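The values are calculated or read from the model by the stated rules, or taken from the named source; none is laboratory data. In this text the structure is predicted, and so the values were computed from the model without any measurement. FYI the Cβ positions are ideal-geometry reconstructions off the backbone, even for glycines, and counts take in every protein chain you see. When the accessible area is computed, the model is the full protein with side chains, heavy atoms only, and any ligands, DNA or RNA have been set aside. Shrake-Rupley method; radii C 1.70, N 1.55, O 1.52, S 1.80 Å.
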Amino acid sequence: ENLDSFTFNPAGIGINHGLETGYYFAPDKNGQISENSTFYYATKSNGLGCSLKYEPGDKLFNATDVNITFGSHINRAMIFGSNWSKENKSITTGLLYRPANFLSFGVTTSFDEKLEDLKSGRLGVAVRPFLNNFLTIGADILYANGEKISSYSPFFEFSIGNGISLRSQFYT
């Protein structure tokens, strides 16, 4: 959920926490924030979202990547979402099943823009052991280009305060 939905599962856009907006500068190849840094911006509200990625030299109305995403509840526990990415030339669909706030299951599939070739997918589970969003732990299984399993990806996230979190994810 939150702005992570643009990266991990577009169904998360359907979880409404009001207006959410965020931005950051990714370090350049030397690990510094400079004029060669990539700038990311995202916003979502009421099941609709947009994210932008600007590489050095991009024009204001011609970002390297644009993501348009929507998500909506199918029922209380099931959420569907879809995302289009300019840079990846792909459409990703996702489902989230959250029977309780402390347990979540998700699946995504990403196709080319013509919906002909399966590019990748993700299957994941997450648990909040303290029954709140202070700590979330989970794992994803990723597959790409017709492979059975391309990698496993455990993760954890600490929510430090309202809207501030620290996340780490590892790819094996």
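A compact table of results
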read-out	value
Any hit, the stretch 38-57, residues being surrounded by fewer than 16 Cβ atoms within 10 Å (Cβ to Cβ) and in contact with a helix residue (DSSP H, G or I) (Cβ under 6 Å, 6 or more places away or on another chain)	no
Selection from the stretch 52-71 of residues that are of a type in the set (Ser, Thr, Tyr) and touching a residue at least 60 places away in the same chain (Cβ under 8 Å)	Thr69
Flag if Arg128 is basic (Lys, Arg), touching a residue at least 24 places away in the same chain (Cβ under 8 Å) and open to solvent by less than 40 Å² (accessible area, probe 1.4 Å)	yes
Residue among Gly121, Gly163 that alone is surrounded by 17 or more Cβ atoms within 10 Å (Cβ to Cβ) and of a type outside the set (Lys, Arg)	Gly121
Breaking point among (1) modelled with pLDDT under 95; (2) open to solvent by 60 Å² or more (accessible area, probe 1.4 Å); (3) over 30 Å from Pro99 (Cα atoms), for Asn16	(3)
Filtered residue count, the stretch 146-172, keeping only those that are in contact with an Asp or Glu (Cβ under 9 Å, 6 or more places away or on another chain) and of a type in the set (S, T, N, Q)	5
All positions within the stretch 50-70 that are more than 19 Å from Glu113 (Cβ to Cβ) and of a type outside the set (A, V, I, L, M, F, W, C)	Tyr54, Glu55, Pro56, Gly57, Asp58, Lys59
Residue within the stretch 100-114 that is open to solvent by less than 40 Å² (accessible area, probe 1.4 Å), touching a residue at least 12 places away in the same chain (Cβ under 8 Å) and more than 16 Å from Ser5 (Cβ to Cβ) present	yes
Residue, most open to solvent (accessible area, probe 1.4 Å), within the stretch 72-86, restricted to residues that are touching a residue at least 24 places away in the same chain (Cβ under 8 Å) and of a type in the set (S, T, N, Q)	Ser72
